[in-house]
Every structure is written in C-alpha cells, then in structure tokens.
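Take a look at the structure set out below.
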Amino acid sequence: MTTQLPFQADIHTQPLVIPFFDELTNTFSYIVKDPASKACALIDSVMNFDQASGTISFEGADQIIAYLAQHQLQLQWILETHVHADHLSAAPYIQQRAGGKLGIGANITVVQKTFGKIFNEGTDFCRDGSQFDVLFNDGDGFEVGAMLGHALYTPGHTPACMTYVIGDAAFVGDTLFMPDSGTARTDFPGGDARQLYQSIQRVLSLPDQTRLFMCHDYCGNGREVEYETTVAAERANNIHVNKTVSEAEFVQMREARDATLDMPRLILPSLQVNMRAGHLPAPENNDAVYLKIPINAFA
C-alpha cells in the first residue's frame, strides 16, 4: 500500500466538529458541519445496549437528533468508519428521523462474508453491502454542503476501515488513538498489523496541521478524556508509531500486545448488528429478536 494520497488535502476548509461521547463504550460520535451552510455529516453513532437484560435504547442518538433539530442542520451523510466491535450503531434509527445517506467502506462485503459464516447466518442475510446506501472505495469523494470529503482506505484493524477526510479534519476510526494510547488492535478476523502500520503512514502523510478525531479514548495515564490531536503530534509522540518506529518493530510490538488482550465486552452483539448497518436480526417465528453467542468462536 502506497502512502501517496489519492486526493489533494484541503487544509483551508475548517468544518465545525461537535463531539458526543458515550461513556459506557468510550466512543465518540461526531457531527461535522459545513461552515458555509446548514449541511452536516454524522460519523460513528452509538445505540445504547444493556447486555445483561438484552435491552436496547437510544438516549445518545436522541441527543444527536435533538442537536440537529435545535440548530436546524441538514444531515446529508451518516458514515461508519468500520464495523465496530465495541458498540452497536444507531445509524438506521437516526436516518429514519433525520435523513442522510448511510456510507461505509466497500470491503464491508469481506466483513459480512467472514462474520456471516461465524454467526451461521442464512441466505436472508445479504453479504453484498446492500444494507448501506453507499460503499466507498479508496479516494472516493462526497459532498457535505460546500465541502468535499474523501474516503481514505486504512485497513489493518479490520478489512473495511475508512478514514474520512473533510477539509482539515480526519476521522480515523480505530486506526489511531491519542498519542499516549497508541494504536488499534489487529487480532480480529481480517486484521493485520503490517497493514495497519502502512495505513497509519497514509494518515500521517496528511498535512501536519490536519486535525485527527479519535473514535475512542480510554483516558491513558489517568488524564481527562480527549478526542482531538494532529498529524504532527501523532508523528512525533505516538507511543506505537512515532517517526522512530520501523514497520518491523511495530508489527512485533502489535502482535505481542494483541496476544494479551481480552475480547471487547460487546463484540458478539456489536458485530451481528453492525454488519447489518445497525439493524437487528429479523424476528423469529415467535416475533422475538435474538442475538447469537457462538461458543469458542474467538478462542
């Protein structure tokens, strides 16, 4: 994978970025507003899920919908950086109430085939990405009002990871964390540490002043939660991929570290819902909806 970008970065356009934090999953969602209009995009929404009771709710999504209404914003895009393994997406719920096209990376089809097999999904589960409105390939552009955004293919954490670059802002999903927290794991099916290193180099080839927005923050070293950094800060200070770390050193570190990590608490429900673009599985013949727990699937 080349570090050359498939588009020209636009550091002169500065979208307004409004973060929303889900404390239970340490997840950030972002409204990204065009400074010249009421148009906006939403990146990585969260559905509330209580695993012990199997209850879903939408408190976090409702806050976003209320903000859109209060500020009379026009939601044009609902974007997923990847199929998340740590929270459930609220994309369909928000789309039904606020509009917008739902987009994800084109390799969602790879993820759907992989996890469709793991969860023994039948033929009713489409594996062609048709649950989404738009499937992005590397370098594809999209408009948010007067702003032109681009999808940058950044696999390694998953095969379908996309970084969305909109003006001087880039939304990196789980590719990078804050500099003191390092990088994402690569031990899920389809993950690859070498590929992640190469993807990160693509992100770090953006202009130094590019603002990077995290999907998660786990408050490393006991600090307050943070969500924004820059390309320059990551290149200088990221504990896993700063400018002194070689690809071979990164791969050795990442694979050794991944071998010590537990699976995310919500990985099994998250994957089943998120590979469906945030939709729940179809009700069974008793009209109840079920999520599966495959035994030893990630052992």
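Test of understanding: extend the Cα→C-beta vector of Lys38 to 7 Å, then name every residue of segment 48-77 with backbone N under 18 Å from that spot.
Only 64-77 fall inside the zone, counting backbone N under 18 Å.
Net charge near Phe171, counting Lys/Arg +1 and Asp/Glu -1 over other residues with Cβ under 10 Å of its Cβ?
0
Please give the charge dipole size of segment 217-269, origin at the Cα centre, charges +1 on K and R Cβ atoms and -1 on D and E Cβ atoms. Round to the nearest 20 debye.
80 debye
Just to be sure I understand the model, the point goes 7 Å from the Cα along the line to the Cβ. What's the resulting Ser53 to Glu23 distance in nm?
The modelled label-to-label distance comes out at 1.8 nm.
Using 0.36 nm per residue of separation minus the Cα-Cα distance, give me the extension gain between Ala146 and Lys113 in nm, one decimal.
8.2 nm
Can you give the extra length, in nm with one decimal, that the chain gains between His12 and Arg97 once fully stretched, where that is 0.36 nm per residue apart less the Cα-Cα distance?
27.4 nm
If you take every residue apart from Leu206 with its C-beta less than 13 Å away from the C-beta of Leu206, what net charge results, scoring Lys and Arg +1 and Asp and Glu -1?
Within the 13 Å Cβ shell, the charges total -1.
When the dipole is taken about the Cα centre of the chain, and only Lys, Arg (+1) and Asp, Glu (-1) are charged at their Cβ, what size is it in debye, to the nearest 20?
Using only the charged Cβ atoms, the result is roughly 340 debye.
What residue among Ser181, Ser53, Ser37 has the largest mean-square fluctuation in a Gaussian network model of the chain, using Cα springs under 10 Å?
Highest fluctuation among the options: Ser53.
Using a basic spin-label model with each label point 7 Å from the Cα along Cα→Cβ, how many nm lie between Asn120 and Gln74?
Distance between the two pseudo-spin positions: 4.9 nm.
Just add up the charged neighbours of Thr186: K/R +1, D/E -1, any other residue whose Cβ is under 14 Å from the Cβ of Thr186.
Overall, the nearby charge balance is -2.
Scanning the chain for helices, which whole DSSP H stretches are 30 Å or more long along the axis (Cα) and average 1.0 or more by Kyte-Doolittle?
none
Quick one: among Gly173, Gly105, Gly222, which has the greatest mean-square fluctuation in a GNM of the chain with alpha-carbon springs under 10 angstrom?
The residue that fluctuates most here is Gly222.
Where a number appears in this text, it was derived from the coordinates with a stated rule and is not lab data. Note that this is a predicted model, so its numbers are computed, not measured. Cβ: placed from backbone, ideal geometry, glycine included. Neighbour counts: every protein chain shown.
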